[in-house]
Amino acid sequence: MSPEDVRKELSEWLDANWDPNRPLIEWRNILVDGGWAAASWPEDSYGRGFDVRQMAVVNDVFSEKGIVGAAQAGPRRLAAETILAHGNTDQKKRFLRPILTGEHAWTQLFSEPGSGSDLAGASTKAELIDGKWIVNGQKVWNTSAHHADWGILVARTDWDLPKHQGLSYFLINLKQSGVEVRPLKQMNGHASFNEVFMTDAEVAAEDMLGTEGEGWAIATTTLSIERQGFARGRNQRSPREAKEGSIYVEFAEELAIANEPYSWYPQREGRPDLVMKRAMDTGAINDPVVRQEMAKLMSMSRAAQLAAKSAAAIRKAGSNEVVPAGSIGKLGASVIARQSAHVHTMISGADAMLSGSDSAEAGVIAETLVSVPAISIAGGTDEIQKNIISERVLGMPKEQRMDTGPFRDIKRN
């Protein structure tokens, strides 16, 4: 279907079906049934198999008409695309629709106190007892877990295999008595993350994604999707020029809840968008040393944007090299954030340490400086990304490992 045909068909379909006073979930179910909620997905998974050119038209039409689309905010995308890649027909049928309609919110249950970037070192245990998986353990740094309905979980099902081979991947219902969620307070004042404790929590046998022992391979899909997000940034907005109608009220409430944990993420990325304004306002633009560092930052930012577009084009052409591409984007985002924080410090000087309404950019600069370190940790540390790039992109030899053999014999925290 040509882009022109896509525009015509979608416009006519929206004109015939859109009602701004429908309940939000009712409208999204209509979208799913029409194949417009996730048109890039395969036809047997609520989509139309559209390519990037066709999807650009779809997004434009929704934006131009100010029409609410499928639910996207929060970790839903991580869950949806992982299920899309590895789920069976029954799992796709049960889980993908409520993700698109917004009926299910999700969180990611990967990191643990003793295994952060070393995900394969996870020690949360899952045992098959009487036809159900019984899960015991602790996860940490779980965004949006405090209002999630479901979680994507990596847990150990075999302690006698090497650590990468003994993991399995589960879809766990968080609304059960065996799951406790506790918020974590950050040094920038926000509380986006949580600790999740599982005590004899249950997972139905049919809610294992893939087969037993495939957890590591499936987790790399999720991590690749997550790392690509660092290069893209977050830009979930209400439809352009939102009009009157109850559906817009519901959508605004949904976005407020889903996006609240991410309110400080622009600061985590270093706020390079404020650099020129700050330099002009303070007169630092006249300092040749500051200008040189600003030029370096802007060059890096533009290069990262071009690299992200190139990686997206390669993926659309059918390449499976998504993990290295995601790692390059993730590492680039860390470097840019640190350079941006460095420039902000040069511009603001001691004022960068002040917070409150009368400080630099009403405290945004101070919040940026204490938030930037997080981007070099979240989604896998810079060191992990460098290992992936060196081994999978540059073809360098792997590091010698000291954690081979049965997992139960490996020393750990």
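Answer rounded, prolate or oblate for the range 1-90, using the Cα gyration tensor with square roots of eigenvalues a ≥ b ≥ c: rounded when a/c is under 1.5, else prolate when a/b is larger than b/c, else oblate. Don't skip to the answer; put the middle values down first.
Values: a/c = 1.81, a/b = 1.27, b/c = 1.43.
Oblate, because a/c is 1.5 or more while a/b does not exceed b/c.
Nothing charged except the Cβ atoms of Lys and Arg (+1) and of Asp and Glu (-1): what's the magnitude of the dipole of the range 104-213 about its Cα centre? Round to the nearest 20 debye.
Working: 8 positive and 14 negative charges, 91 e Å.
Around 440 debye, computed over the range 104-213.
Mind listing the long-range amide H neighbours of Trp41? Cut-off is under 5 Å, sequence gap 5 or more, other chains count too, H placed in the peptide plane at 1.01 Å from N.
Arg48, Gly49, Phe50
Which of these values of P(r) over Cα pairs in 10 Å bins from 0, in percent was calculated from the structure shown: [x] 4, 17, 23, 21, 15, 12, 6, 1, 0, 0; [y] 4, 19, 28, 27, 16, 5, 0, 0; [z] 5, 22, 30, 21, 12, 7, 3, 1, 0?
[y]
Mind scanning Lys185/Lys330; Lys93/Lys132; Lys92/Lys398 and naming the pairs with a C-alpha gap bigger than 28 Å?
Details: Lys185/Lys330 24 Å; Lys93/Lys132 21 Å; Lys92/Lys398 36 Å.
Checking Cα-Cα distances, Lys92/Lys398 exceed 28 Å.
Taking 0.36 nm per residue of sequence separation and subtracting the Cα-Cα distance, how much length would be gained by fully extending the chain between Ile25 and Asp118, in nm to one decimal? Let's see the in-between values first.
Values: separation 93, 0.36 × 93 = 33.48 nm, distance 3.86 nm.
Full extension from Ile25 to Asp118 adds 29.6 nm.
Within the range 250-281, which trypsin sites (Lys or Arg not before Pro) sit in a loop by DSSP and count at most 12 neighbouring Cβ atoms inside 10 Å? Let's see the in-between values first.
Details: sites: Arg268, Lys277, Arg278; in loops: none.
Counting only loop positions with at most 12 other Cβ atoms within 10 Å, none of the trypsin sites (Lys or Arg not before Pro) in the range 250-281 qualifies.
Setting aside same-chain residues fewer than 8 positions from Lys8, which lysines have a Cα under 16 Å from its Cα?
Result set, ordered by chain and number: Lys65.
What is the local net charge at Leu274, summed over the other residues whose Cβ is closer than 15 Å to its Cβ (Lys, Arg +1; Asp, Glu -1)?
On the way: positive: Arg268, Arg271, Lys277, Arg278; negative: Glu269, Asp273, Asp281, Glu293, Asp351, Glu361, Glu367.
So the surrounding residues net to -3.
As I understand it, the dipole of the chain uses +1 on the Cβ of Lys and Arg and -1 on the Cβ of Asp and Glu, about the Cα centre. Which of Val140, Ile129, Ala38 lies farthest toward its positive end?
Most positive-ward Cα: Val140.
Rounded to the nearest 500, what is the 222 nm mean residue ellipticity of the chain from helices alone, with -39500 (n - 2.57) per DSSP H run of 4+ residues and division by all residues?
Numbers: 13 runs with 179 residues, N = 413.
Result for the chain, helices only: -14000 deg cm²/dmol.
Tell me, in nm to one decimal, what length is gained between Leu128 and Lys185 on full extension, where the rule is 0.36 nm per residue of separation less the Cα-Cα distance?
Gain on stretching Leu128 to Lys185: 17.0 nm.
As an exercise, use a Förster radius of 25 Å and the Cβ-Cβ distance of Arg401 and Asp158 to find the FRET efficiency, rounded to the nearest 0.05. Spell out each step's value before the answer.
Values: r = 19 Å, r/R0 = 0.75.
Step by step, r from the Cβ atoms, then E = 0.85.
Would you kindly derive the ³J(HN,Hα) couplings of the range 82-90 from the backbone phi angles with the Karplus curve 6.51 cos²θ - 1.76 cosθ + 1.60 (θ = phi - 60°), listing them in order in whole Hz, with x for Gly and Pro?
So the J values, rounded to whole Hz, are 5, 5, 4, 7, 10, x, 7, 4, 5.
Answer rounded, prolate or oblate for the range 81-181, using the Cα gyration tensor with square roots of eigenvalues a ≥ b ≥ c: rounded when a/c is under 1.5, else prolate when a/b is larger than b/c, else oblate. Provide the component values of the computation, followed by the final result.
Working: a/c = 1.62, a/b = 1.37, b/c = 1.19.
Cα axes put the range 81-181 in the prolate bin.
With just the Cα atoms defining each centre, how far is the range 144-205 from the range 17-35? Give it in Å.
Using only Cα atoms, the two centres lie 32 Å from each other.
Quick check: from the Cα gyration tensor, does the range 264-393 come out rounded (a/c under 1.5), prolate or oblate?
Details: a/c = 2.63, a/b = 1.95, b/c = 1.35.
Here the range 264-393 falls in the prolate category.
Please list, by residue number, every one of the trypsin sites (Lys or Arg not before Pro) in the range 145-202 that is coil in DSSP and has at most 16 other beta-carbon atoms within 10 Å. Please report the intermediate quantities before stating the final value.
Working: sites: Arg156, Lys163, Lys175, Lys185; in loops: Lys163, Lys175, Lys185.
Sites meeting the loop and neighbour criteria: Lys175, Lys185.
Which whole-number percent is the relative contact order of the range 104-213 (Cα, under 8 Å, 6+ apart)? The partial results should precede the final answer.
Numbers: 268 pairs, mean separation 33.1, N = 110.
Reported relative contact order: 30 percent.
Coordinate-derived values only; no laboratory data. Keep in mind it's a predicted model, so treat the numbers as computed, not measured. Note that we place each Cβ from the backbone using ideal geometry, even for glycine, and neighbour counts take in every protein chain shown.
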